[in-house]
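The values are calculated or read from the model by the stated rules, or taken from the named source; none is laboratory data. For clarity, every value in this text was computed on a predicted model and none was experimentally measured. Here the Cβ is made from the backbone with ideal geometry for all residues, glycine too, and neighbour counts use every protein chain on show. Remember, those area values only see protein heavy atoms, side chains included, never the ligands or the DNA or RNA. Shrake-Rupley method; radii C 1.70, N 1.55, O 1.52, S 1.80 Å.
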Amino acid sequence: DHNNTLHIGTLENGVWQTYKLVKAYGMAPASLFIDKKHYFHLAWHDIYEQSYYLSGKLSQLGKKTSWKAKKLLESSRRPVITDSEKHLLAVTETGISFLDYIFLDEKKPTRRFLTWPDKRFLWHTSHSPQFVKDKYGIPWVFFIVGGREHIFCARWLGNKWGPVHSCSR
């Protein structure tokens, strides 16, 4: 019936515990981020290319029985989450093969462009964003440009992404 359930697991006193978080129709694999304050952040998309977000405190697992997912964006896939000093960030693929980002801590997150209108990305699919933090805790986003079989990256500058650089083939 295409229904999927997301669980989160923890190891407590040497015993593996799993907790059901959300059940929905046609969910793609989720990405997970756990911040320094011990909150978990899950993001995923469904078969209708709408992305969702769910967060909570790890200590509430097993105590809270109902978790509510929020819609991130329509026409988006493969959301990934990280934090910076000021913001909780998500990067997603758009329905037209670009990458966008939003601040999750805004009351109504607004879509911002990461790869549009850079001419290097007009004719190829940008996909599979991933985050890495450098030794200073600064987020970098890495992604693939399919037609070129090439990896690109950008560094977080505090309020927006810096220039997109070619990394490697």
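Restricting to the stretch 103-116, and then to whatever is outside any strand (DSSP E or B) and in contact (Cβ under 8 Å) with a residue 24 or more places away in the chain, can you tell me which residue is surrounded by the most Cβ atoms within 10 Å (Cβ to Cβ)?
Initial filter on the stretch 103-116 (outside any strand (DSSP E or B)): 104-111, 114-116.
Applying the additional criterion that residues be in contact (Cβ under 8 Å) with a residue 24 or more places away in the chain yields 104, 109, 111, 114-115.
Working: LEU104: 19, PRO109: 18, ARG111: 15, LEU114: 23, THR115: 25.
Across the stretch 103-116, the extreme among qualifying residues is THR115.
Is there a residue being open to solvent by 60 Å² or more (accessible area, probe 1.4 Å), within 22 Å of PHE40 (Cα to Cα), in contact (Cβ under 8 Å) with a residue 40 or more places away in the chain and in a loop (DSSP other than H, G, I, E, B) anywhere in the stretch 84-102? The answer is yes, given that some residue of the stretch 84-102 is open to solvent by 60 Å² or more (accessible area, probe 1.4 Å), within 22 Å of PHE40 (Cα to Cα), in contact (Cβ under 8 Å) with a residue 40 or more places away in the chain and in a loop (DSSP other than H, G, I, E, B).
Return the residue satisfying two criteria in turn: it lies in the stretch 67-83 and is touching a strand residue (DSSP E or B) at 6+ places or on another chain (Cβ under 6 Å) and closer than 16 Å to PHE142 by Cα, and of such residues it is modelled with the lowest pLDDT. Looking at the filtered set, the residue picked out is ARG77. Please enumerate the residues belonging to the stretch 117-141 that are surrounded by 16 or more Cβ atoms within 10 Å (Cβ to Cβ) and under 16 Å from PRO163 (Cβ atoms). Passing the criteria: PHE121, SER126, PRO139, TRP140, VAL141. The set of residues in the stretch 35-79 that are open to solvent by 80 Å² or more (accessible area, probe 1.4 Å), closer than 22 Å to LYS133 by Cβ and assigned to a strand (DSSP E or B) comprises TYR39, ARG78. How many residues are under 29 Å from THR110 (Cβ atoms) and not in a strand (DSSP E or B) when one looks only at the stretch 9-34? Within the stretch 9-34, residues that are under 29 Å from THR110 (Cβ atoms) and not in a strand (DSSP E or B) number 4.
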